Amino acid sequence: MARNDLTTADLMPGDLVFSKINDLSNATHVEIFTGGSHFAATSVHAVNNPGKQMQRVMGTSFAENDAKVVFRCNTPALAKAAAKRAVRWSAYENRYDKDRIDVKTAFREMLKNLNTGDADVRAEMRRLFNERGRFRAIKYTARRDGILCYPGDQEGGGGRGMTCCMFAIICYQAAALTPFVKALGQSSAFTHVSDKKMGRKDLSELKPAMKSAGFASKDYQQYATYIGCIQAQNEYAIDWSVARKTAVQKGAPGAKWVGYTYVPSILMWQDPPSFNGFDWDATLTSGMCLDAKIAAPQNVFESLEADPAMWTFVGRFAHSEAAAPTDAQKAVYQAALLQNKQAGEEMRKDWTQRTR
């Protein structure tokens, strides 16, 4: 039974905590609770606060307040694995991606202005997952032993960072898919798992390679469709005359890094014959079968709500007037943030040096 008096003591690693002012408001943010991963009561999320120079994936001290609601995965092992994944990736402090928020906002406004109901929105999210989200999930799972967003991808352009819900979704998807996807770690410095730079020649060479590996012809067709989608200037076919948002379009794809090998996500799948018969719902939970790139916090909230077999609504945080932290507590908190930031910078520096 859902509670209305939750505190951080009631949370478990892997819990998804949504910012939601009241029952009628949309969720505006989501974070993964990881316990004492960085310091006491830590959550990991993609933070966007330019005023405080926080625009990155990072661990922060989780504060109790009445604007938070909690969902818990009913598979404890998966929840713990997702929390560990969040901690591992947050060490690199991958940047926050503002451009993706603009696209999500426009996409959501388009659906809203077309009078699309909640069930229809979930159906659209599921369609996008089947068309694109599966390959993104494989790509990020393959990067699990290295950096979530490659250093070279930090240099300008959209689509090269994280948003809060994208990070939360990917952590769960990668945790669930680890047994089924090969890993490409930091040791492979000049090899990237990436689909963005696949050209016509690459696709023509990939087709026989996939057939030889045991993939079905429809697997290739689905992957080729995905490539066509992610390379389109208006990837989500947003009707800008309906959406109340300035268009955020893609520019021309950048050149490949000379000397690098780009491995398509599909080739990281461990057992090619199993790909199209794979039970994504049972493995990821149907609540996490979302295209991480386009889903907004409210979409994630509703998707988990619609999957009661695998996700439990734990409840809401208690209404409380917490005392302001003391100067000593603030100093400890800031020191912990600085230590984690420095550790992430050193890890990224080390990885970047090895790619030169």
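Quick notes
- Cα pair distances of the range 207-246 binned at 10 Å [whole percent]: 26, 31, 23, 12, 7
- For the range 210-300, the pair-distance distribution built from all alpha carbon pairs, in bins 5 Å wide starting at 0, is 2, 9, 14, 17, 20, 16, 12, 7, 2, 0 percent.
- For T191, distant residues with modelled amide H under 5 Å away: T261
- Within straight-line cross-link reach of K330, lysines at Cα separation under 21 Å, skipping those fewer than 8 residues along the same chain: K52, K341
- Among F190, F33, F215, residue whose mean-square fluctuation peaks in a GNM of the chain (springs only between Cα atoms under 10 Å): F190
- Cβ-defined net charge surrounding K20, 13 Å radius [Lys, Arg +1; Asp, Glu -1]: -3
- Exceedance of the 25 Å cut-off in Cα-Cα distance is limited, within the set K98/K201; K68/K104; K20/K245; K68/K139; K197/K218; K84/K250, to K98/K201; K68/K139; K84/K250.
- Histogrammed with a bin width of 10 Å, the alpha carbon distances of the range 3-354 distribute as 5, 24, 34, 25, 9, 2, 0 percent, first bin at zero.
- Put simply, the range 227-356 fits an ellipsoid with semi-axes of 34, 29, 22 Å; these come from the alpha carbon gyration tensor as the roots of five times its eigenvalues, largest first.
- Put simply, when 204-210, 26-32, 12-18 are sorted by average Cβ atoms within 10 angstrom per residue, most first, you get 12-18, 26-32, 204-210.
- Largest-first principal axis extents of the Cα set of the range 65-149 (Å): 41, 30, 27
Values in this text are rule-based calculations from the coordinates and carry no lab data. As the structure is a computational prediction, the values presented were derived from the model and not from experiment. Using ideal geometry, Cβ is built from the backbone for each residue, glycine included, and neighbour counts are taken over all protein chains shown.
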